[in-house]
2 protein chains.
Amino acid sequence: MTTAALGPMELQLQLESQAEKVRSLKTSGAPKEQVDEQVALLLDLKKSVASLSLSGAPSTAAKSGSKPSGSSSSKKDKAAASAPVKYTLKTPKGTRDWDPLSMSLRSHIFKVIEAVFKTHGGVTIDTPVFELKEILSGKYGEDSKLIYDLQDQGGELCSLRYDLTVPFARFVAMNPSEYGSIKRYHIAKVYRRDQPAMAKGRFREFYQCDFDISGVHDPLLPDSEILHILTKTLLALGIRQFTIKLNHRAILDGLFAVCGVPEDKIRTISSAVDKLDKSPWAEVKKEMLEKGLDEGSADQIGEYVGKKGSRELVEELLKDEKLTSNASAKKGLEEMKVLFEYLDVLEVTPRISFDLSLARGLDYYTGIIYEAVTEGSAPPPKPAAGEEPGSAGEVASDSKKSKKSKKAGDQDDDDASASVGVGSIAAGGRYDNLVGMFSGSGATASGKAPSAGQVPCVGVSIGVERVFSIMMARLAKLREQEGADASSSEVRSKETECFIMSLGKEGMVKERMHVAQLLWSAGIKAEYSYKVKPKAPAQFASIARDAVPYAVILAPDEWNQEQRTVRVKEQRGKGSEEGDSKGEVVPLDQLVGYIKEKTKDRSSSEDILRKVMGVADDE
Amino acid sequence: MTTAALGPMELQLQLESQAEKVRSLKTSGAPKEQVDEQVALLLDLKKSVASLSLSGAPSTAAKSGSKPSGSSSSKKDKAAASAPVKYTLKTPKGTRDWDPLSMSLRSHIFKVIEAVFKTHGGVTIDTPVFELKEILSGKYGEDSKLIYDLQDQGGELCSLRYDLTVPFARFVAMNPSEYGSIKRYHIAKVYRRDQPAMAKGRFREFYQCDFDISGVHDPLLPDSEILHILTKTLLALGIRQFTIKLNHRAILDGLFAVCGVPEDKIRTISSAVDKLDKSPWAEVKKEMLEKGLDEGSADQIGEYVGKKGSRELVEELLKDEKLTSNASAKKGLEEMKVLFEYLDVLEVTPRISFDLSLARGLDYYTGIIYEAVTEGSAPPPKPAAGEEPGSAGEVASDSKKSKKSKKAGDQDDDDASASVGVGSIAAGGRYDNLVGMFSGSGATASGKAPSAGQVPCVGVSIGVERVFSIMMARLAKLREQEGADASSSEVRSKETECFIMSLGKEGMVKERMHVAQLLWSAGIKAEYSYKVKPKAPAQFASIARDAVPYAVILAPDEWNQEQRTVRVKEQRGKGSEEGDSKGEVVPLDQLVGYIKEKTKDRSSSEDILRKVMGVADDE
C-alpha cells in the first residue's frame, strides 16, 4: 500500500508510529543525521494529516460553512436553508475518531488494566461526563482555565470533568457510609482545553484509568499497594522500562520552610520546582528569583532538589539535622522509611526513584506523590554541555516548552514543535482533604490535620493514549518483521469466522440467509454478500479484505432438491489463491459442529494483541 | 435491612424496581386497589430519593453554595475564600452515578449485546462526545432544542452528541473509501436536555447501543439483517415479550398524498400520527384539524392508520387501488413484500407488526422504520370505554402526556407523573441521505433519489436504561425467591477470591503482604486488611461484607521460623459461622495451586447474571 492511498485513520496511526520511532532514536542517542531524517518524515506526515483534517472528504472542502439559523425566518435565511449546507467535515479540535483497529487495541488495553485492578479487589463506578461547575472549582490551581464549561441554557451550570479524581471524591462525599472505604477503579474520558499535540498523545478528550483507595487505614498500607498496582499494570501492558519518581508533600513543605521560603510562597515555588523535569536548574532558579525568593534560599533549594535515590537517600536525609528540625519534613521522611519497607515486600523498590524535584501541580495532594516515566519520556541521563555542574542539572535535550508557555486559547494549528517524548505515563498521590471539601468538614487552607468528616484517599491515574501509541508502533514493527506472512500478525477488528457465498447464476440469497441463521444461532460469526446475485470474485474479495478464515460455499450441484451440502474452504493466507483445493464437502446438519471444531484452535486477535504487548522496545 | 438504612444508591435501585412492579401490575390488569397500593409505595420512594438528592450527605445540606471567585480579590471575596465552601452535593439534573453493583449489571448487558453484534460481522468505532455544532444542526426536527451546547470559550462551537447516528454519518462522510461500506456498532452515552423522569429510565445522559450498516446494497438485505439483530439482541437480554412495529416512510408519504394532505403539511401531519401510541385518535385528529387539515382528509387518514397486521396487510394494501395509484406507496409496499420474505427466512416475522400509525419523529429516515416495544411499554389491547369504535382506537390507560407537553426547560422536580411503562426499547430505520448531507452531494429538501455521493444506511438503536431497570427488578425478585440463601443469587461487584488475614497480636502485616503478592502474581484476586494489627472479628466482617469465598489465615503457630503454612477456610454462606471447621492447612508453596483448584468450579457473578437474564417476566 502506498502512502498516497492512505486514509485519514491510517495516516494518523502512521503518524503516531513515526513519532514513537523518533522518540526511541532520541533516547538511544542515535546519530544526528539519522534522527533528522526520521524527524523530516514525521513532519511530512503531520502536514498530510493537517491538510486532510482541513479538507475533510476530498470532494467537500468547506471551511466553516453557513448553517441555517432555524428560528429566524427572513427571506435570506430561507434561501440559505434550502441550499445545500456546507460542513466543516472534521472532529472538534484536539479530538479524534477511533477506527475499528484502534478500538480493538484500545479495548484490549482496557481489559489488561481492568484485570490487574480486579486482582486487587477493585470495583468500578461511573459518574456523569459533566459535573456541577462548583464541584470542579478551586481544585486544579492554574489549570482551572482548561476546564470546558457547558453553555448556560437555563438551569444548572455544568462543566465537563477534568479528571476522575474530583468526581470520585464527590461520589464518596455523597455516599460516605457505603463508600467511605472503597477500592474503586474508573476508566473513562476526561476533557481539557489544552493546546493539543496529537502526535505526542496530548488530546482534549482522552482516557484516564484510575485506581483509588478511600478510607481511614494504617499509614502507607494502601499507598504501597497503589504503587504495586501501578508497577503491575505497566508491566502487564508490556511497558518494561519505566521509573516511578516518588516524593512526599510533607518533605517538600519542610524543605521549603528550612530553606527560608515564606509560607505564602510555598505553592508558587513548588510549582517552579515541578518544572525541573523539563527545564534546566538555571531557568527554574531564575523563575524563583522573579517570584521574589532571595538567592540564598534558591541556592539551598537547588542543593536539595538535585538529590535522587532510594532508601539510602531517606537515611541520609534523616541524618540531615537542618531538614529534620522541621516537624513536617521529619514526619514525611519517617513515612518514606516505612513505605520503602512495604515496597520491598511488594517488590516495587527497584522501580522507585525518590526524587526531591518531583512536586506535582495539583492543589489537592497532601502526602506521597509519584509519577511514572518511561525511558522514552524520561530526560537523557547526562546534562547537556554548558550546564552548571553540581546543580540540579537535568536538561531535556529536546527543548520541551515549559508549562508556562502552553496556551489555553484556540489556535488553528496543532502544536508544531517537533519535540516528542515528554510527559509522564501515570501519576498520583495521597489526597486526604478533598472529600472533606465536599462534605463540609474540609480543612481550611491553613489547617492540615484530617478532621472527623474527612475521608483520606490515595490513588493513581494511568494515561493510556501514550500506551496506545507505543502499542501501535509495536504492531507496525511486528508486521514489518513478519513481512509478507501477515496472517500471523493480523489484528483483525472484524471477527467474522465464516463468509457464506454462492457460486452460479442463481445467487441463492435465501439459502445463504438460511445457512447464516443456522450459524448465528450457534454463536458462529458469519456474513454473506448483500447482493441477490453476487459474483464469485466479489465474494472472494470480501473474504480477502476482512481476512475471514472460512468460506462456506453454496453451489447448485451440492445444494438442491436431492441434497443439502455445502463446501467449506479455508481461506487464510495463501489458501485463497490455491485454485486446486476445492475445500471439504459438509452436509448442512453437520456444518455447525464442523466449523466449531475447525475454529476452536485458531489464534484469535486477542492472542496476537497479547503478543504485541510482549514485544520489547529494545531498539 | 430496613428502608431507613438505605443509601441513595440502594434507594434509587429500589425505586426502579418498584416502578417496574407497577408497570407489570398495570399491564396485567391487576385490581385497582392493588395497583394503587403499589403506586403509593412508589411515590413514597420518589419522595425519599428527591429529599436525599436535595440534601446530599446528611451533614452538608447546602443548596447552591457560594464559591470563591478566584480572579477577583476584594476583601469580601477573600473572606469567602477562606471560609469552608458549601457545595450542592449532587450530580447534574437528569444524570446519575453508577455504583459497583449497577456497573456489574451494565457491563454484563453490554457484553451480551456486543456478542450479538460481533456475530453479525460488526466492528466498533468511537467518536468524540462532542461534535461541531453545525454537524448536529437540522437533523432532529423539533427536538433540536434538546441539544446541549458547550460554552463559547474561544474557538469552535461544539455540542454534546444527541445520538450516535449523526456522528456515524459524519464519520462515514469523512472516510468514504474505507467506511463507505461498514457494519459498525457503537455503545456510548448520548445527551438530551429533556425533562428527566429517572424512574421511567428517561435520563439526560444515557446509553445507546447502535448497529448500522452503510453501503450500496441490494434492497432490503441489510434491512432484514438489522431486524434480525434487533430480535436476537432483545432475546439474548432475556426480553421475551416484545413486538417490533414496522412501517415505511414511502408508504406513509403516499398515504398522506392520496388522502389529500398538501406536500408542505406532510411532516407536521406525520408527527401528529406518531402520537397515536400515546393519544387517542380523537385527540390526534383534533391536532390535525388545528394544523389546517380538512376533516375529510383526516378521516381518510384515520381509516388507514388504524390498520396493523403482517404480510396479509401488505397484500391487502397492494390491492387498494387508491393507495397503489401513488408511486411512492406502491414502491414502499413492494419493498415490504420482499422484506417479509427475508424476515421469514431469518425467523423474525412472528415479532413484526406492520403498523401504519408508526411514523417516527426524526427528519432523516427515508425507508423502512421500526420501533420495538415490550409488553410492559405497549398499550393494553382493548380500547378504553367511551372511545369511538372503529377509529384508530388505541388508548394508553396510564395517560402519558403527549410529546407536545414535554418541556425542555429546567424545573426543580423530576417529572412527578405516576405513569410508568411508556417508551420504546429500541428504534431505527433506513436513512439514505444523511451521509450525503455531510459529503456535500446531499439531496435538497425536495429531491429524494440518492445521488452519486450518497452512502445509504440502515440501523437500529437499543436503549438499555430500560433493559437495565428490568434486570434490576429481576435481580430483586430472584433474591426474594431464594430468600435467606442469598449466596446463590449474589451478584458480587467485587470479585476478590481470597482475603488474607492474621490471627494473634502480631498482625503479621508483611507476611500478609507477602502472601498477597504471591497470589496476585498468579492472577488470584486477593486482599488484606489495611491495619498493621487487625482484630480477627474486623477481618471476618470484611470477608462477610464482600462475600469473599476463601479466608487465607496466618497464625503464629503455623507460620514461623520452622514452617510456612496457612489455613484456608471456605467462607460462603453459613461457612463463616461454623466455628468448628478450622479449614485446611496448606503449605505456602502449594497455596496457589490449592486456590486455583478450589475456585475453578465456583459459579461466578457472570453465571448469576446470565441466570438473571433468564428469569421470565411472567407475573
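Run through the other copies and list how far each one's label point is from that of B:Glu506, in nm with one decimal, shortest first; the point sits 7 Å from Cα along Cα-Cβ.
Result, one decimal in nm: 8.1.
Nearest 0.05, what FRET efficiency do A:Glu562 and B:Leu318 give at R0 = 30 Å with Cβ-Cβ as r?
0.25
Choose one of B:Gln563, B:Cys498, B:Tyr594: the residue whose Cα lies farthest towards the positive end of the charge dipole of region B:496-603 (beta-carbon charges +1 Lys, Arg; -1 Asp, Glu; about the Cα centre).
Among B:Gln563, B:Cys498, B:Tyr594, the one farthest towards the positive end of the dipole of region B:496-603 is B:Cys498.
Any idea what the relative contact order of region B:255-343 is, in percent, if you count C-alpha pairs under 8 Å spaced at least 6 apart?
Relative CO of region B:255-343 lands at 29 percent.
Give me a single rounded figure for B:231-244: the average over its residues of other chain Cβ atoms within 10 Å of their Cβ.
Taking all residues of B:231-244 together, the mean is 0.
Please tell me the relative contact order of region A:102-188 in percent, rounded to the nearest whole number, where contacts are Cα pairs under 8 Å and at least six residues apart.
Contact order relative to length: 34 percent.
Taking amide H positions as placed 1.01 Å from N in the peptide plane, with prolines and chain starts having none, which residues 5 or more places from A:Tyr431, or on another chain, fall under 5 Å of its amide H?
It is A:Thr366, A:Cys457, A:Val458, A:Gly459, by chain and number.
For peptide B:92-104, what's the mean number of Cβ atoms from other chains within 10 Å of each residue's Cβ?
Per-residue shielding by partner chains comes out at 6.
Taking H as built 1.01 Å from N, whose amide H comes closer than 5 Å to the amide H of B:Thr124, not counting residues under 5 places away?
Answer set, sorted by chain and number: B:Tyr185.
Kindly identify region A:141-196 as rounded, prolate or oblate by the Cα gyration tensor criterion: order the square roots of the eigenvalues as a ≥ b ≥ c, call it rounded if a/c is under 1.5, otherwise compare a/b with b/c, prolate if a/b is larger, else oblate.
The shape class here is oblate.
If packing is taken as the average count of other Cβ atoms within 10 Å, what order do A:261-268, A:135-142 fall into, highest mean first?
A:135-142, A:261-268
In a shell of Cβ-Cβ distance under 9 Å around A:Phe242, excluding A:Phe242 itself, what net charge do Lys and Arg (+1) and Asp and Glu (-1) give?
Summing Lys/Arg as +1 and Asp/Glu as -1 gives +1.
Let me know the mean shielding of A:171-177 by other chains, meaning the per-residue number of their Cβ atoms within 10 Å of its Cβ.
For peptide A:171-177, the averaged partner shielding equals 6.
Using a Förster radius of 30 Å, what is the FRET efficiency between A:Lys533 and A:Val592 based on their Cβ-Cβ separation? Nearest 0.05, please.
Rounded to the nearest 0.05, the efficiency is 0.65.
What are the residues whose amide H is under 5 Å from the amide H of A:His248, where those residues sit 5 or more places off or on another chain and H is modelled from the backbone?
Correct list: A:Ile369.
Label B:Val216 and B:Thr268 with points 7 Å out from Cα along Cα→Cβ: what is the distance between them in nm?
Computed distance between label sites B:Val216 and B:Thr268 equals 3.8 nm.
Would you mind classifying region A:204-326 by shape? Square roots of the alpha carbon gyration tensor eigenvalues, ordered a ≥ b ≥ c; an a/c under 1.5 is rounded, otherwise it is prolate if a/b is larger than b/c and oblate if not.
Because a/c hits 1.5 or more and a/b exceeds b/c, region A:204-326 counts as prolate.
List the pairs from A:Lys32/A:Lys611; A:Lys183/B:Lys118; B:Lys275/B:Lys477; A:Lys245/A:Lys285; B:Lys200/B:Lys245; A:Lys46/A:Lys477 whose alpha-carbon separation is above 23 Å, in the order I gave them.
Those over the limit are A:Lys32/A:Lys611; A:Lys183/B:Lys118; B:Lys275/B:Lys477.
For the pair A:Asp44 and A:Glu295, what calculated FRET efficiency results from E = 1/(1 + (r/R0)^6), where r is the Cβ-Cβ distance and R0 = 41 Å, to the nearest 0.05?
That gives a FRET efficiency of 0.30.
Might you report the magnitude of the Cβ-based charge dipole of region A:494-594 about its Cα centre, with Lys and Arg at +1 and Asp and Glu at -1, to the nearest 20 debye?
400 debye
Each residue of region A:162-177 in turn: what ³J(HN,Hα) in whole Hz from Karplus with 6.51, -1.76, 1.60 and θ = phi - 60°, glycine and Pro shown as x?
Values per residue, Gly and Pro as x: 9, 8, 9, 6, 5, x, 5, 4, 4, 5, 5, 4, 7, 10, x, 6 Hz.
B:Ala40 label points, 7 Å along Cα→Cβ, one per copy: pairwise distances from this copy to the rest in nm, shortest first?
In ascending order, 8.6 nm.
State the residue of chain B whose Cβ is nearest the axis carrying B onto A, and the distance in whole angstrom.
Here the nearest residue and distance are B:Gln151, 2.
Between rounded, prolate and oblate, where does region B:137-233 land on the alpha carbon gyration tensor, with a ≥ b ≥ c its root eigenvalues, rounded for a/c under 1.5, else prolate if a/b exceeds b/c?
oblate
Starting from a label point 7 Å past Cα on the Cβ side, list the distances from B:Arg602 to the same position in the other copies, nm, shortest first.
Sorted ascending, the copy-to-copy spacings read 3.4 nm.
Bear in mind these aren't lab numbers, they're just calculated from the coordinates by the rules spelled out. Keep in mind that this is a model prediction, so the values were computed, not measured. Counting neighbours? That spans all protein chains shown, and the Cβs are built from the backbone with ideal geometry, glycine included.
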